[in-house]
Amino acid sequence: MADAMQDSRPVILSLAGFSKSFGEIQAVDNVSLDISEGEFLTIVGPSGSGKSTLVRLLAGLESPSAGRLLLRGRDITVIPANRRPTAMVFQSLALFDHKSVGENIEFAMKMKGVPPADRKARVHELLRLVRLPESFYARATTQCSGGERQRIALARAFASDPDILFFDEPLSAIDYRLRKALEVEFKDLHQRTGRTFVYITHSLEEAMVMSDRIAIMQAGQIIQIGTPEEIYGKPANRFVAGFLGEVNILEVAGGHFAGLDRPAPANARRYAVLRPEALRPGKGDVTADLTVVQRLMLGSRTQLFLRSPTGAPLISEVAGDAPEFERGTTYSFGFSPDNIAWVDE
Ligand code: ADP
Ligand code: MG
């Protein structure tokens, strides 16, 4: 559904053949991408894959070694950041600690010569937008919690009423519970404002929660782009599959699942990617006796780390606390080839 929605929306930002090198290092390598008006696009990749460089190029904080950037069809490749209708939120937030919350949010407006009364009214509006009380106007930023500081940085980013907001790992330094709450708030803010969000994270889990589309980056290139469902259901290769978290990757050799000693279906490719919840105790089209090596309780579900008779490691996830699966016990597990995502490399 998200896909159909995107197709009908006009393109806001189009990059073609975008590259950036620092000496020998090719940080961004020939990236082409269309971002739709109002989309929440998340770029995911491991550290050093070029995410920050790419978003800095998009925001105009860095100039490309090659390639073009179009905003609604207009070439803005050489337009500096402060003359683009975009704003950026960094991991560090970069708040001025010697200034009040209000002064932080209205800083850019002050620079532009907006009169004080208008600035104050706008700051109140922005505080409401990010769900902070108006009384925060005069508060010192040093007296705000991590979550409040996040919202202040967001309010400041919205102050210029940007069409596109760029986020570079804004939640990566925040503890788990607050991060989960803020992910929901980001998504909510995106829906309420209808603006285009381009968000960077190294956490695919975070991307899954918020995004219309996810782009996976590896070594300066976008190696897969799609809806969360597409990435989850059809990872392009083992690298992407590995990013999905704990998954089974079964190699196929000589028409058999190596490590299971069972025949693979006719449509088999080089590797079978099987999610832990698709490997179930009991029956299946493909079954094998597997020994429980480790049992990890995750609240409402349990992860079982298993080993096949030939020593291949596998992982299954079952509902509840599954007390019967004691370490050292052997059970029959099975799966359906319908649940396999096949990859070639
Ligand atoms: P990510 O944000 O995914 O961690 P970066 O975009 O920060 O990745 O970095 C990509 C690559 O480019 C890395 O190898 C990094 O060391 C290099 N790089 C980034 N910025 C610079 C710079 N200003 N000078 C030299 N190398 C850089
Ligand atoms: Mg980075």
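The values are calculated or read from the model by the stated rules, or taken from the named source; none is laboratory data. This is a predicted model, so every value here is computed, not measured. Backbone-built Cβ (ideal geometry, glycine too); neighbour counts: all protein chains shown. Keep in mind that these areas ignore ligands, DNA and RNA; they rest on the heavy atoms of the full protein, side chains included. Shrake-Rupley method; radii C 1.70, N 1.55, O 1.52, S 1.80 Å.
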#### Entry: Members of the range 324-345 that are open to solvent by less than 20 Å² (accessible area, probe 1.4 Å) and of a type in the set (Gly, Ala, Ser)
GLY334, ALA341
### Task
For the range 263-270, state whether one or more residues are within 29 Å of ARG327 (Cβ to Cβ), in the same structural domain as SER332 (by TED's automatic domain parsing) and not hydrophobic (A, V, I, L, M, F, W, C).
no
### Task
Quick one: in the range 185-230, of everything that is over 13 Å from the mean Cα position of the chain (by Cα) and open to solvent by less than 40 Å² (accessible area, probe 1.4 Å), which residue is nearest to ligand 2 (Cβ to nearest atom)?
GLY220
### Query
Is it the case that the range 247-261 has a residue that's in contact with an Asp or Glu (Cβ under 7 Å, 6 or more places away or on another chain) and either outside any loop (DSSP other than H, G, I, E, B) or modelled with pLDDT of 95 or more (or both)?
no
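Every residue, every condition in (1) away from ligand 2 (no atom under 16 Å from the Cβ); (2) touching a residue at least 12 places away in the same chain (Cβ under 8 Å); (3) open to solvent by less than 10 Å² (accessible area, probe 1.4 Å), yes or no:
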site: PHE40; (1), (2), (3): yes, yes, yes
site: LEU58; (1), (2), (3): no, yes, yes
site: PRO64; (1), (2), (3): yes, yes, no
site: ARG68; (1), (2), (3): yes, yes, no
site: THR77; (1), (2), (3): yes, yes, no
site: ALA81; (1), (2), (3): yes, yes, no
site: LEU93; (1), (2), (3): no, yes, no
site: VAL101; (1), (2), (3): yes, yes, yes
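Within the range 45-68, how many residues turn out to be part of a strand (DSSP E or B) and at pLDDT below 95? Working first, answer last.
If we filter the range 45-68 for residues that are part of a strand (DSSP E or B), which is where we start, we get 66-68.
So of that shortlist, the ones also at pLDDT below 95 come out as none.
Residues meeting the conditions: 0.
So, in the range 69-85, how many residues would count as being in a loop (DSSP other than H, G, I, E, B) and out of contact with any Lys or Arg (no Cβ under 7 Å at 6 or more places or on another chain)? Reasoning before the result, please.
Taking the range 69-85 and keeping what is in a loop (DSSP other than H, G, I, E, B), we get 72-73, 76-80, 84-85.
Adding the requirement that they be out of contact with any Lys or Arg (no Cβ under 7 Å at 6 or more places or on another chain) leaves 72-73, 78-80, 84-85.
Residues that pass the stated criteria total 7.
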### Message
Please go through (1) loosely packed, with under 13 Cβ neighbours inside 10 Å; (2) under 21 Å from ILE223 (Cβ atoms) for VAL247 and return the number of the only condition it doesn't satisfy.
### Response
(1)
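Does GLY23 meet the test of being within 23 Å of ASP212 (Cα to Cα), within 13 Å of ligand 1 (Cβ to nearest atom) and not β-branched (Val, Ile, Thr)?
No; evaluated as a whole, the condition is false for this residue.
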### Query
Do you know which of the residues in the range 103-120 that are exposed (fewer than 14 other Cβ atoms within 10 Å of the Cβ) and not charged (D, E, K, R) is nearest to ILE200 (Cα to Cα)?
MET111
### Message
Tell me yes or no: at least one residue of the range 152-170 is within 16 Å of ligand 1 (Cβ to nearest atom) and open to solvent by 10 Å² or more (accessible area, probe 1.4 Å).
### Response
yes
### Query
Just a yes or no: is a residue in the range 116-124 more than 16 Å from ligand 2 (Cβ to nearest atom), touching a residue at least 24 places away in the same chain (Cβ under 8 Å) and part of a loop (DSSP other than H, G, I, E, B)?
no
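Suppose the filter is under 24 Å from ASP34 (Cβ atoms) and either open to solvent by 50 Å² or more (accessible area, probe 1.4 Å) or more than 15 Å from the chain's Cα centre (by Cα) (or both); does GLY233 pass it? Before you say what the answer is, go through the steps one by one.
Details: under 24 Å from ASP34 (Cβ atoms): yes; either open to solvent by 50 Å² or more (accessible area, probe 1.4 Å) or more than 15 Å from the chain's Cα centre (by Cα) (or both): yes.
Answer is yes for this residue.
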### Residues that are under 14 Å from ARG151 (Cβ atoms) and either of a type in the set (Phe, Trp, Tyr) or within 16 Å of ligand 1 (Cβ to nearest atom) (or both), drawn from the range 172-213
PHE186
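Only one of these is among the aliphatic types (A, V, I, L, M), in contact with a strand residue (DSSP E or B) (Cβ under 8 Å, 6 or more places away or on another chain) and in contact (Cβ under 8 Å) with a residue 40 or more places away in the chain: ALA140, ALA155, ALA173. Name it.
Working: ALA155 fails: in contact with a strand residue (DSSP E or B) (Cβ under 8 Å, 6 or more places away or on another chain); ALA173 fails: in contact with a strand residue (DSSP E or B) (Cβ under 8 Å, 6 or more places away or on another chain).
Among ALA140, ALA155, ALA173, only ALA140 is among the aliphatic types (A, V, I, L, M), in contact with a strand residue (DSSP E or B) (Cβ under 8 Å, 6 or more places away or on another chain) and in contact (Cβ under 8 Å) with a residue 40 or more places away in the chain.
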### Query
Which is within 16 Å of TYR199 (Cα to Cα), assigned to a strand (DSSP E or B) and within 16 Å of ligand 2 (Cβ to nearest atom), of VAL89, VAL31?
VAL89
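Applying the selection to the range 277-323, what residues are open to solvent by 40 Å² or more (accessible area, probe 1.4 Å) and in a loop (DSSP other than H, G, I, E, B)? Working first, answer last.
Initially, the range 277-323 is screened for residues open to solvent by 40 Å² or more (accessible area, probe 1.4 Å), giving 277, 280-281, 283, 285, 287, 289, 291, 293-301, 305, 307, 309-310, 313, 319, 321, 323.
Passing the criteria: LYS283, ASP285, LEU298, GLY299, SER300, PRO309, THR310, ASP321, PRO323.
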